[in-house]
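Okay, structure first, notes after.
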Amino acid sequence: MGFFIETMLGGLMTGMLYSLVALGFVLIFKASGVFNFAQGAMVLVAALAMARFSEWSNAALGGDSLFLANVIGIIGAGAVMFLVAWAVERFVLRKLVNQEGATLLMVTLGIAYVLEGLGQTFFGSEIYSINVGMPKDPVIMFEGLVEGGVMINKEDFIAAALAAVLVGGLTIFFQKTAIGRALRAVADDHQAAQSVGIPLNKTWVIVWCVAGLVALVAGIIWGSKMGVQFSIVTVALRALPVVILGGLTSVPGAIVGGLIIGVGEKLSEVYLGPFVGGGIEIWFAYVMALIVLLFRPQGLFGEKIINRV
Amino acid sequence: MFYRENGQFKTSYAADQQIFTIAQDKWFVWGLIAFAALAVPMLADEYMFRAILIPFLVLSLAALGVNLLVGYCGQITLGAGAFMAIGAYAAYNFMVRIDGMPLILAMLLGGAAAAAFGILFGIPSLRVRGLYLAVATLAAQFLCDWAFLRIGWFTNYSSSGSVSVAKLEVLGWVVDSPVEKYLFCLAFVVVFAVIAKNLTRAAIGRQWMAIRDMDVAAEVIGIRPMFAKLSAFAVSSFFVGVAGALWGFVYLGSWEPAAFSVDRSFQLLFMVIIGGMGSIMGSFFGAAFIVVLPIFLNQFLPFLGSLVGISVSTAGVSHAEFIIFGSLIIFFLIVEPHGLARLWSIAKQKLRLWPFPH
């Protein structure tokens with residue numbers, strides 16, 4: 001029983017990371033109708049920038065203030081993400097207004113290549129570490145409930161709390177602020193939004209920035225758990241079934257979908273994997289998404305898809 | 001002037017229904033095939049065959065298959081690599097498990113196996129479309145990656161996980177030198193390109209295009225979406241499967257599941273979009289672009305670096321390749337969203353009037 005809960009909690013933690021990446025997908029899709037395959041590359045660039053900026057500033061400061069170095073790192077990485085958002089809007093999206101979905105999808109793959117190349121050219125292609133001072137030691141919990149208790153990393157708790165704060169902040173941002181309202185208006189109808197005076201271009205920069213910040217948070221959590229390296233880009237492919245499961249247009253869907261996929265992956269790997277030879281994590285998530293698709297084509301929380309002639 | 005249809009009258013139905021109704025087109029294509037079959041084997045060296053021509057031919061066949069599905073029927077797929085893998089492994093198993101299996105039959109059976117799986121993974125297309133469908137096909141990709149890696153039966157319990165075909169022999173003709181391999185691939189590509197061209201002109205191709213343009217409207221005028229979509233999946237997967245068998249048997253010789261990873265699927269989709277969706281010619285342009293570009297960059301960048309006095313490291317080259325490749329994709333999609341095939345048809349239009357534009 002203890003093992004089962006441990007596995008499940010581990011799954012929830014992974015799922016939360018997926019949720020963060022999926023959130024980036026959903027934000028951009030809602031606001032511009034672009035499915036952003038470059039989200040994985042953005043996580044990579046953000047994590048690389050964070051790791052390197054804090055490393056450099058740590059060296060410059062003489063290594064006595066880790067906190068300051070991390071703040072500089074976060075600010076630097078944030079600036080990089082802003083630059084990325086601005087460049088994407090200025091040089092790519094602006095020229096592709098009114099193109100088909102497939103073209104936009106391909107363009108984000110192109111952006112992903114460029115970001116991967118640029119990020120590694122500027123920040124190097126080794127394995128780097130991010131140290132934001134998260135405690136690594138495990139704690140034993142629920143000793144009263146199950147025999148022997150359940151072992152959990154403190155780090156995972158902090159990460160989960162951080163993600164929850166982020167999601168809460170985003171919800172408030174979307175629901176309560178003027179910019180958030182503008183973003184929702186653009187998501188509903190580009191033309192209508194434009195005709196009431198919402199600048200599309202600026203809105204897109206903002207939404208790519210927000211997605212960049214989400215990528216930064218995902219990058220920091222992922223990087224401090226497992227180190228920053230190129231393979232981080234594959235997280236985009238891991239998070240894809242999450243958005244499909246939760247619905248492409250739904251923020252809560254991304255969160256719930258991420259948790260379901262995370263838990264499903266871990267449980268299937270542990271309890272089903274040994275019978276079929278292991279390594280089933282990745283396709284299991286996709287098959288789960290596929291089954292949901294067959295019954296609910298719009299995902300669990302997505303808006304119903306209506307076909308008009 | 002060079003591309004003028006004046007004076008070419010069609011006096012019979014047969015003349016009206018030819019693939020190329022304009023004589024220049026016909027002679028150009030015949031000339032191209034003759035050049036590829038006769039002149040290229042004499043001109044190209046071994047490196048050209050191995051590194052450029054054979055992969056180009058095989059990948060254009062695969063791109064052709066993907067184009068039938070994506071370009072003509074409008075169903076996005078990110079699982080093309082999986083169907084290549086199914087084609088390759090099925091053909092391999094037919095070769096290994098049945099004594100005296102003819103090579104070409106094994107490849108076609110490999111294609112048929114891919115077609116069967118194509119129908120299976122095409123079923124979600126009846127319910128979902130666009131991006132959701134792309135994800136459904138990605139499921140096929142990851143499932144196949146896993147199955148060929150973990151299930152020993154498919155690889156005939158080979159200990160290293162890689163499989164190979166000993167000898168390629170067609171009716172006593174042993175295909176082993178690069179030139180022969182090239183000609184073997186060329187024959188496949190020409191035959192399949194003709195089949196694809198004719199399919200798209202026939203009733204079934206028109207059904208696909210109707211579904212692509214507006215599926216609800218197509219349904220209303222009496223096209224069965226289930227038949228049209230699943231047939232597109234089947235035919236496309238058949239092409240891709242045969243290409244996969246060629247890729248494994250002829251180009252790679254011995255291969256592992258990684259040869260057909262998700263990157264391959266993306267690459268094929270790139271070829272179709274850069275080449276031109278819904279164009280047979282476009283598949284070839286796209287394949288040529290994607291095959292040649294990395295090789296070109298690999299050769300050219302160190303040279304450029306030495307010109308300006310910077311020695312470019314291997315890692316630097318591979319990063320620069322990423323950047324330039326991505327930028328070119330973005331650039332092409334911005335300036336010509338309809339692909340290289342559109343440039344081709346614009347060029348033909350210009351040639352029609354040149355040098356007297358009025």
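Here are the numbers:
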| quantity | calculated |
| --- | --- |
| Kyte-Doolittle mean at least 1.0, axial Cα span of 27 Å or more - DSSP H helices of chain B | B:103-122, B:131-150, B:178-201, B:225-246, B:280-307, B:314-335 |
| Test item: Cα-centred dipole of the protein assembly as shown, Lys/Arg +1 and Asp/Glu -1 on Cβ, debye | 1980 debye |
| Separation of alpha-carbon centers, segment A:215-272 and segment A:78-92, rounded to whole Å | 24 Å |
| DSSP-assigned coil residues among GluC sites (Glu not before Pro) in segment A:54-135, each with at most 14 further Cβ atoms within 10 Å | A:100, A:126 |
| Reach of residue A:225 by Cα under 19 Å, taken over lysines that are not fewer than 8 positions away in the same chain | A:136, A:154, A:266 |
| Neighbour-count ranking [beta-carbon atoms within 10 angstrom, fewest first] of B:170, A:132 | B:170, A:132 |
| Most fluctuating residue given options B:332, B:322, B:94, as computed from a GNM of chain B linking Cα atoms under 10 Å | B:322 |
| Fluctuation leader among B:305, B:79, B:152 - chain B, Gaussian network, Cα springs under 10 angstrom | B:305 |
| Sites excluded, trypsin sites (Lys or Arg not before Pro) in DSSP loops with at most 11 other C-beta within 10 Å, longest stretch of chain A | A:137-303 |
| Relative packing of B:30-38, B:125-133, which averages over residues the other C-beta atoms within 10 Å, highest first | B:125-133, B:30-38 |
| Highest-fluctuation residue, A:39, A:229, A:191 considered, GNM on chain A with Cα pairs under 10 Å | A:191 |
| The protein assembly as shown: calculated mean residue ellipticity at 222 nm from DSSP helix runs of at least 4, using -39500 (n - 2.57) | -22500 deg cm²/dmol |
| Under 11 Å, Cβ to Cβ, from residue A:89 - net charge with Lys/Arg +1 and Asp/Glu -1 | +4 |
| At least 27 Å along the helix axis (C-alpha) and Kyte average at least -1.0, DSSP helices within chain A | A:2-32, A:39-60, A:66-87, A:101-123, A:154-176, A:200-226 |
| Unit charges on C-beta of K, R, D, E only; dipole of segment B:157-224, Debye | 180 debye |
| Magnitude of the charge dipole, segment A:2-295, Cβ model with Lys/Arg +1 and Asp/Glu -1, debye to 20 | 960 debye |
| Shape category assigned to chain B from the gyration tensor of Cα positions, a/c cut at 1.5 | rounded |
| Within segment A:222-309, GluC sites (Glu not before Pro) in DSSP loop having at most 16 other beta-carbon neighbours inside 10 Å | A:303 |
| Which of A:12, A:214, A:273, positive extreme of dipole for segment A:2-295 (C-beta unit charges) | A:214 |
| Shielding by partners - mean other protein chain Cβ count within 10 Å, residues of B:328-339 | 5 |
| Farthest toward positive dipole pole in segment B:74-225 [+1 Lys/Arg, -1 Asp/Glu at C-beta], among B:120, B:164, B:214 | B:214 |
| Shielding score for B:264-275, defined as the mean number of other chain Cβ atoms within 10 Å | 2 |
| Exposure proxy ranking, count of Cβ atoms within 10 Å, fewest first, for B:145, B:16 | B:16, B:145 |
| Cα gyration tensor category, rounded, prolate or oblate, for segment B:211-355 with a/c compared to 1.5 | oblate |
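All of the numbers you see were taken from the coordinates with simple rules; none came from a lab. Quantities reported herein were computed from a predicted structural model and do not represent experimental measurements. Glycine gets a Cβ as well: all are built from the backbone with ideal geometry, and neighbour counts include every protein chain shown.
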